[in-house]
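Data block below; observations after.
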Amino acid sequence: MLDYALTLSVVMLIYVLLALALNLQYGFTGLINFGIAGFFGVGAYTSTILTMRAGWPAWLSYPAAMVVAGLIAWPLGKVALRLRDDYLAIVTLGFAEIIRLVLVQEQWLTNGVQGIPGVPQLWPSWSTWQSQVFLLVVLAVSNIGVVLFLRYLTQSPYGRLIQAIRDDEVAVTALGKDPARLKTQVLVTGGAVAGLAGAFFASYMTYIVPDQFVPVVTFYVWMAVIMGGVGRLSGSVAGAVLLVAFLEGSRFLRGVLPGISAEAMASVQIGAVGLVLILFMRWRPEGLFGRRAR
């Protein structure tokens, strides 16, 4: 029971990081990023490769994962952020799929579809239970740090400027600002936070494979942001908690829906998630922390 609670808590906090990254990009700046799973995977593989191939300590690979994920976002932003929002969504979706295919094809580095087993835990000299509890504590502290940083950022003049870009980019341009440069900075910052989430994920799972970073992960993060509240940091936290609680709860549908195979139940679970998302868009389009639709 304690192991189950620990796993739920870790997964929940990882989704909180991903939701915070997406909320900064979409909620505060208006960037439609459908490639959050790609940055997540880059962080996980960067941390894993540095610890297993280069011999770095796990804790030092975390900031490296943030840097690499952020650097990958920079050229993407330079190229894509001058496009319209719908084109940006397509480009980021393609970016995530390219990342996954690279992870599959570059077997000399990533071991391809077989993945990389035996990823070191955050504190390998401790027992598995102690190391996982330590990871949970560090993950919680990291979440608090990211929330405080984003709160400071979004309430600063810089934060008001990126929100102005979200609301009226033409007006910001007329004031002599460069929206593309600011949006690139936000994309890099969000990518770095998603990379940090990937590093934590790799350390906790101790085994990573490209199929863990498929588009459905991006879909789940969007769902967390929409349910919690777009443009609200508290909404990212609440949305991620609600998402994980719902995903875990829907696993027990098989007990009340007899005659459905495990494979079919996965489709039913996705359908149930989509139904909840539709209900939210109908009755609470601003999320739990938003205003009720009139």
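The values are calculated or read from the model by the stated rules, or taken from the named source; none is laboratory data. Because the structure is predicted, anything quoted here is derived from the model rather than measured. Counting neighbours? That spans all protein chains shown, and the Cβs are built from the backbone with ideal geometry, glycine included. Heavy atoms of the whole protein, side chains included, go into the accessibility calculation; ligands, DNA and RNA do not. Shrake-Rupley method; radii C 1.70, N 1.55, O 1.52, S 1.80 Å.
Considering only residues of the stretch 159-198 that are of a type in the set (Ser, Thr, Tyr) and in contact (Cβ under 8 Å) with a residue 12 or more places away in the chain, which is farthest from Ser234 (Cα to Cα)? Lay out the reasoning, then the answer.
First, pick out the residues of the stretch 159-198 that are of a type in the set (Ser, Thr, Tyr): 173, 184, 189.
Among the residues that remain, those that are also in contact (Cβ under 8 Å) with a residue 12 or more places away in the chain are: 184, 189.
Details: Thr184: 24, Thr189: 19 Å.
Among those that are of a type in the set (Ser, Thr, Tyr) and in contact (Cβ under 8 Å) with a residue 12 or more places away in the chain, it is Thr184.
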Response to the item:
Only one of Lys183, Lys177 is surrounded by 14 or more Cβ atoms within 10 Å (Cβ to Cβ) and in a loop (DSSP other than H, G, I, E, B), namely Lys177
Worksheet, complete the sentence: Of the residues in the stretch 119-143, those that are loosely packed, with under 13 Cβ neighbours inside 10 Å, among the hydrophobic types (A, V, I, L, M, F, W, C) and within 21 Å of Leu60 (Cβ to Cβ) come to Val137, Val141
Fill in: Breaking point among (1) touching a residue at least 60 places away in the same chain (Cβ under 8 Å); (2) more than 22 Å from Phe219 (Cβ to Cβ); (3) under 17 Å from the mean Cα position of the chain (by Cα), for Pro120
(3)
Practice prompt. Mind listing whichever residues of the stretch 150-169 are of a type outside the set (Lys, Arg) and closer than 13 Å to Val186 by Cα?
Written response: Leu150, Leu153, Thr154, Tyr158, Gly159, Leu161, Ile162, Gln163, Ile165
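Among the candidates Val119, Val147, which residue alone is out of contact with any Cys (no Cβ under 7 Å at 6 or more places or on another chain) and part of a helix (DSSP H, G or I)?
The match here is Val147.
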Practice prompt. Output the number of residues of the stretch 270-289 satisfying the condition of being over 15 Å from Ser236 (Cβ atoms) and among the charged types (D, E, K, R).
Written response: 2
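Every residue, every condition in (1) of a type in the set (Lys, Arg); (2) within 30 Å of Gly271 (Cβ to Cβ); (3) open to solvent by 10 Å² or more (accessible area, probe 1.4 Å), yes or no:
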| site | (1), (2), (3) |
| --- | --- |
| Ser156 | no, no, yes |
| Ala164 | no, no, yes |
| Glu169 | no, no, yes |
| Phe200 | no, yes, no |
| Tyr207 | no, yes, yes |
| Gln212 | no, yes, yes |
| Val225 | no, yes, no |
